[in-house]
Amino acid sequence: MAAHMGALGRERWAWCVGFFFDVFALRVVWPGASWRVVLGARALGVPLQPALAWVARRRHLPAPTVGRLTLLYTLAAVALMGVSAAEFDGLTSPYVFSLVSFAMAAPLVAEVRRSRLFLLFGAWFVVWTAVLAVAAAYSPAVARQWHDPRALTVYFGQWLFLTLIFGAGMQAAFEIGALRRQLREARKLATYRLKVRLGSGGMNEVWLAWDESHHRDVALKILHDQPSEAVAQRFEREAEALRSLSSPHTVRVLDFGASDDGVRFLAMERLVGIDLERLVRDDGPMPPARAAHLARQACSSLGEAHRAGIVHRDVKPSNLFLSALPDGDHLTVIDFGIARRVDTHEARLTAIGDAIGTPHFIAPESLFGDTSDARGDLYGLGATLFFLLTGTRPFEGLTGLALVGAVSGATPDAPSTRAPGVSPALDAVVLRCLAAVPGDRFADMAALDAALAALNLTWSAADAAVCHARSERASPMQHRPDEATRPERRPSQRPGLRVASDRPPPPANPRESRP
């Protein structure tokens, strides 16, 4: 029930729609009714559901408490509708049928026992009857109805009809609940019970799943049915690459395998936080000290991968995931889906002339499909650092052939031209990473890490806490659920730039779809 209230959108203002019916009823059906009483009761009910939805979304109160507040809200709403009914013919008023929506929705939303549902319905009856009993003290017409057998017959007949509707809704709710339980049983892969789909890409889906063997939540990456051989090999390479790495800044693989019916899956640690692309898009460029601090953590992860002969090949802000830990910002490198080993003679999974990765963060040598080494990741991390500092990409606004030409030979603007707080020394580090010729970049991640360390930019846990407090979004603390490891997105194709894909090209002028 708390989840339902927290998920309400425009529906939380549905009470306002009743104003139109009230005005119609006052002018046409019951012109003698009191406008002040009817519209006053309607106005009193307007803020109730929005306020409850706000409380549910804030999550400051336990879910059971929010559930009890929701039940109290229904009683208050019934009382206010009873006030209007007293003006609209009292006991014989058809206004009682405004409770039909409550009678149908309550059993579906309130996941409680049948006995408690009947108690709730009984409470509605008691409140409605009490309101009309009080109205008898002020309205002679309502007082006479309490002694009129015909009026009482109509009144109890209406409530009998509502009882039948409520019972039907309750039966439907329990049947739906049984179907949901069967669906949960069906949504199981090996020892993992699928809970919520976090995202979907061209090659896979990522689910929040419950590991029944170890009693923990995991991010479960599932390969789509009937993948091509290249996609299947790439998926296996990702698992093998990640299982060989142990850096605290690399997403951990917990399990890898296939279900009885052949569906491949990769279980990873569940990450709680936000990726750097979304963080910068929402909150703007970072202070240089924070950007350098996060880049050094990426150097730790990618440096270990390179020493193991693994090149990530898709280093970009959305593949760097930030979590807020007690000791400060913690960065995790994710999505090794197109990683490859450079220390073995692996078969190519892309055709010559195809680029793989994200265009604005691909090294020039990779744009033309040449075999890239660890220095390609240096370029990607440099472009990412540029984005963190400025909120823009090095060649922002360029696409297709213009982007290829700029990345291949042009020197990007220094970050300080877009973010005045960046020092010349940090400019030099970023621009060296973005050198068009691989030999002009840093020799490896250790050299880049040393260059960043030499800048003496300090970023403490206290600095991170202040930054989160000033942020417009809530701090991505570990106890709050948020996005976890995401699926790979199918790279977009632009004129003059071929991007590798294992799916057939889209038809002309397709409707764009995002996972």
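Just so it is clear, none of the values below were taken in a lab; they were calculated from the coordinates. If you're wondering where the values come from, they're calculated on a predicted model, not measured in any experiment. Neighbour counts are summed over all protein chains in view; Cβ atoms, including those assigned to glycine, are modelled from backbone coordinates with ideal geometry.
Work out from phi, with θ = phi - 60° and the Karplus expression 6.51 cos²θ - 1.76 cosθ + 1.60, the ³J(HN,Hα) of each residue of the stretch 292-297, listed in order in whole Hz, and give x for Gly and Pro.
Whole-Hz 3J(HN,Hα) from phi for the stretch 292-297: 5, 4, 6, 4, 5, 5.
Please list 3J(HN,Hα) in residue order for the stretch 45-56, calculated via the Karplus relation 6.51 cos²θ - 1.76 cosθ + 1.60 where θ = phi - 60°; whole Hz, with x for glycine and proline.
x, 4, x, 5, 5, x, 5, 5, 5, 5, 4, 5
Using alpha carbons only, how many angstrom separate the centre of the stretch 205-239 from the centre of the stretch 279-303?
28 Å
Could you give me the ³J(HN,Hα) list for the stretch 74-82, computed from phi with Karplus coefficients 6.51, -1.76, 1.60 and θ = phi - 60°, whole Hz, x at Gly and Pro?
Values per residue, Gly and Pro as x: 4, 5, 5, 5, 4, 4, 5, 5, x Hz.
Collect residues whose amide H, placed 1.01 Å from N in the peptide plane, falls under 5 Å from the amide H of G273; neighbours closer than 5 in sequence don't count.
The list, which skips near neighbours in sequence, is D482, E483.
Tell me which residues come under 5 Å, amide H to amide H, from K188 once H is placed; ignore anything under 5 positions away on its chain.
Long-range HN contacts for K188: L194.
How big is the charge dipole of the stretch 189-269 about its Cα centre, in debye rounded to the nearest 20, if each Lys and Arg gets +1 on its Cβ and each Asp and Glu gets -1 on its Cβ? It would help to have the intermediate numbers written out before the result.
Values: 10 positive and 13 negative charges, 54 e Å.
Dipole size: approximately 260 debye.
Given H placed 1.01 Å from N in the peptide plane, which residues other than close sequence neighbours of T250 have an amide H under 5 Å from its amide H?
Under 5 Å from the amide H of T250 lie the amide H atoms of V333, each far enough along the sequence or on another chain.
Please compute the modelled spin-label separation between S139 and K188, points set 7 Å along Cα→Cβ, answer in nm with one decimal.
With each label placed 7 Å out from Cα toward Cβ, I get 5.6 nm.
Taking the Cα centre of the stretch 274-470 as origin, work out the dipole magnitude from +1 charges on Lys and Arg Cβ and -1 charges on Asp and Glu Cβ, in debye rounded to 20.
Numbers: 16 positive and 23 negative charges, 30 e Å.
The calculated dipole for the stretch 274-470 is roughly 140 debye.
Report, in whole Å, the centroid distance computed from the Cα atoms of the stretch 389-408 and the stretch 20-64.
That distance is 53 Å.
Taking +1 at the Cβ of each Lys and Arg and -1 at the Cβ of each Asp and Glu, which of A123, Q233, L198 sits farthest along the dipole of the stretch 120-274 towards its positive end, judged by Cα position relative to the Cα centre?
Of the candidates, A123 comes out farthest on the positive side.
Any idea which of L220, G303, F256 is furthest toward the positive side of the dipole for the stretch 188-344, if Lys and Arg beta-carbons carry +1 and Asp and Glu beta-carbons -1?
Final value for the positive-end residue is G303.
What's the long-distance tail for the stretch 189-269, i.e. % of Cα pairs beyond 17 Å?
Working: 1445 of 3240 pairs.
The share of Cα pairs beyond 17 Å in the stretch 189-269 comes to 45 percent.
Taking the convex hull of the alpha carbon atoms in the stretch 2-186, what volume per residue do you get, in Å³?
On the way: hull volume 23.2 nm³, N = 185.
Taking only Cα atoms, the stretch 2-186 has a hull volume of 125 Å³ per residue.
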